[in-house]
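The values are calculated or read from the model by the stated rules, or taken from the named source; none is laboratory data. Source: prediction; values computed, not measured. Cβ sites come from the backbone with ideal geometry, for glycine too, and all protein chains shown count toward neighbours.
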Amino acid sequence: MPTPIEIRIGGKTYKGSYSTEGHLLTTRYRMQAMTDSVRSKAPAIAARGMLARLVRLEHDLPAEAG
């Protein structure tokens, strides 16, 4: 079951979700998804970073925005 997460970038809040399966972490935002291997016992931290990348890709935001 996906876990909801949210981040703030440029004063706006963006909501997504993440789930883990074994050593894989998948983060979803709208119709996009990003999967990576879980390298820590705190997947929520990695999922927030992945969500930030997905938001920046979709909204064409610079990496330093936030």
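How many of the residues in the range 38-64 are in contact with a Gly (Cβ under 9 Å, 6 or more places away or on another chain) and among the polar types (S, T, N, Q)?
0
Contact list please: Cβ distance under 7 Å, first residue in the range 1-28 and in contact (Cβ under 8 Å) with a residue 24 or more places away in the chain and small (Gly, Ala, Ser), second residue surrounded by 13 or more Cβ atoms within 10 Å (Cβ to Cβ) and outside any loop (DSSP other than H, G, I, E, B), pairs at least six apart or on different chains.
What qualifies is GLY16/ILE5; GLY16/THR27; GLY16/ARG28; GLY16/TYR29; GLY16/LEU51; GLY16/LEU54.
I'd like the full set of residues that are without any contact (Cβ under 8 Å) to a residue 12 or more places away in the chain and either aromatic (Phe, Trp, Tyr) or under 14 Å from PRO2 (Cα atoms) (or both), limited to the range 34-66.
THR35
Mind listing whichever residues of the range 10-56 are over 12 Å from the mean Cα position of the chain (by Cα), of a type in the set (Val, Ile, Thr) and either surrounded by fewer than 12 Cβ atoms within 10 Å (Cβ to Cβ) or in a strand (DSSP E or B) (or both)?
Once the filter is applied, which keeps residues that are over 12 Å from the mean Cα position of the chain (by Cα), of a type in the set (Val, Ile, Thr) and either surrounded by fewer than 12 Cβ atoms within 10 Å (Cβ to Cβ) or in a strand (DSSP E or B) (or both), the range 10-56 yields THR13, THR20.
Can ALA42 be described as among the small types (Gly, Ala, Ser) and at pLDDT 95 or above?
no
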